[in-house]
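A quick write-up on the structure given underneath.
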Amino acid sequence: MSTRARVITVRSLDVAVVRKRIKNLHLGVYPPDGRVRVAAPLAVSDEAVRVAVIRKLGWIRRQQSKFQNQPRQSAREMVNGESHFFRGKRYRLRIVAYEGAGRIRLRPSATMELHVRTRLDVEGRALVLRNWYRQQLKERIPPLLRKWEPVVGARANDWGVRRMKTKWGSCNTKAGRIWINLELAKKPDSCLEYIVVHELVHLLERRHNDNFFALMDRVLPRWRLLRAELNHSELSAETWNDIEAARPRAAENDARGLAAKDG
């Protein structure tokens with residue numbers, strides 16, 4: 001199976017095409033700028049891909065417009081007064097000189113104190129914050145799994161937290177492993193809970209089909225409202241790489257939040 005992406009141009013639109021051992025063609029539009037990716041069966045020609053893209057041009061343009069208009073933070077400089085989010089709440093950053101290991105402290109005044117060495121550069125400060133976000137998620141996820149696994153009727157064999165550019169979560173159905181996007185540390189608790197449930201349901205139903213939606217309706221009736229809340233929340237600034245994003249892991253399903261997909 002080939003997962004190497006090649007780019008074709010369709011009416012001035014660059015489209016990344018990945019051929020896989022699948023039955024149907026899947027078209028996706030991804031943030032932050034609405035890049036287009038097609039996962040196509042091995043036997044489908046470039047011309048057939050072009051026809052499929054042309055048929056969906058209107059839908060593609062609408063999705064690109066949504067991404068372009070979605071609120072998005074500028075690149076974080078990790079300086080005093082800068083806004084950062086945790087559990088859906090905005091905090092103002094305050095840098096505190098500290099010679100020990102970097103740490104984060106939240107104050108009642110909606111201040112996020114970043115205790116770091118004065119010589120630490122921007123990336124070093126950002127790493128301290130990301131590590132703190134990761135630890136916070138690792139503390140919040142186990143109680144959610146204990147709550148929802150018996151409700152869903154599926155158990156995750158393993159789980160983890162990682163940075164993901166086009167997914168809020170993912171699931172390896174064969175291994176029974178779920179992954180949660182590090183960005184969810186910044187979102188309200190209800191959004192994290194929705195993604196945990198979403199990925200647990202994928203352990204029962206791999207694809208986004210009628211059965212999947214019926215299962216979601218049964219275990220979390222308000223999931224569509226939570227999805228909308230997550231999809232309309234402010235996105236962080238990121239460096240996006242088309243080729244990396246065009247290499248999904250085998251047997252994984254994405255929580256369709258960050259990316260708009262068709263088919």
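Some points to look at:
- At q = 0.12, 0.18, 0.21 Å⁻¹, base-10 log of I(q)/I(0) for the range 2-104 (Debye sum, equal scatterers on each alpha carbon): -0.60, -0.85, -1.05
- Couplings 3J(HN,Hα) of the range 81-87, computed from phi: x, 6, 7, 9, 10, 8, 6 Hz, in residue order, whole Hz [Karplus 6.51 cos²θ - 1.76 cosθ + 1.60, θ = phi - 60°; x for Gly and Pro].
- Protection proxy ranking, peptides 91-104, 166-179, average beta carbon neighbours within 10 Å, highest first: 166-179, 91-104
- In a simple Cβ point-charge model (Lys, Arg +1; Asp, Glu -1; nothing else charged), the range 6-69 has a dipole of about 200 debye relative to its Cα centre.
- In a fully extended conformation the segment linking Arg224 and Val51 would gain 59.1 nm over its present Cα-Cα distance, using 0.36 nm per residue.
- The phi-based Karplus calculation (6.51 cos²θ - 1.76 cosθ + 1.60; θ = phi - 60°) puts the 3J(HN,Hα) values of the range 37-47 at 9, 10, 9, 10, x, 4, 7, 7, 7, 4, 5 Hz, whole numbers, x for Gly and Pro.
- Whole-Hz ³J(HN,Hα) from phi, Karplus 6.51 cos²θ - 1.76 cosθ + 1.60, for the range 101-111, glycine and proline x: 5, x, 8, 10, 9, 9, 10, x, 7, 6, 10
- With neighbours defined as other Cβ atoms within 10 Å of a residue's Cβ, the residues Glu77, Glu183 order from fewest to most as Glu77, Glu183.
- Amide H contacts under 5 Å for Arg117: Tyr98, restricted to partners 5 or more places along the chain or on a different chain, H placed in the peptide plane at 1.01 Å from N.
- Förster-model FRET efficiency, 45 Å R0, Arg130 and Ile8, C-beta, rounded to 0.05: 0.80
- Centre-to-centre separation between the Cα atoms of the range 177-198 and those of the range 6-66: 28 Å.
- Pairwise Cα inverse-distance average, inverted: Kirkwood Rh of the range 166-214 (Å): 11.2 Å
- The stretch between Leu106 and Ala175 holds 21.1 nm of extra length on full extension. This uses 0.36 nm per residue minus the Cα-Cα distance.
- Label-point separation in nm, Asp121 to Glu99, each point 7 Å along Cα→Cβ: 2.4 nm
- Packing, taken as the mean count of other beta carbons within 10 Å per residue, orders the peptides 214-225, 199-210 from highest to lowest as 199-210, 214-225.
- Per residue, the convex hull spanned by the alpha carbons of the range 110-207 comes to 113 Å³.
- Across Lys20/Lys56; Lys138/Lys165; Lys66/Lys138, pairs whose alpha-carbon gap is larger than 27 Å: Lys66/Lys138
None of the figures in this text is laboratory data; all of them are computed from the coordinates on show. Bear in mind that the values here come from a model prediction, so they are computed numbers and not experimental data. Ideal geometry is used to build each Cβ from the backbone, glycine not excepted, and the neighbour counts take in all protein chains shown.
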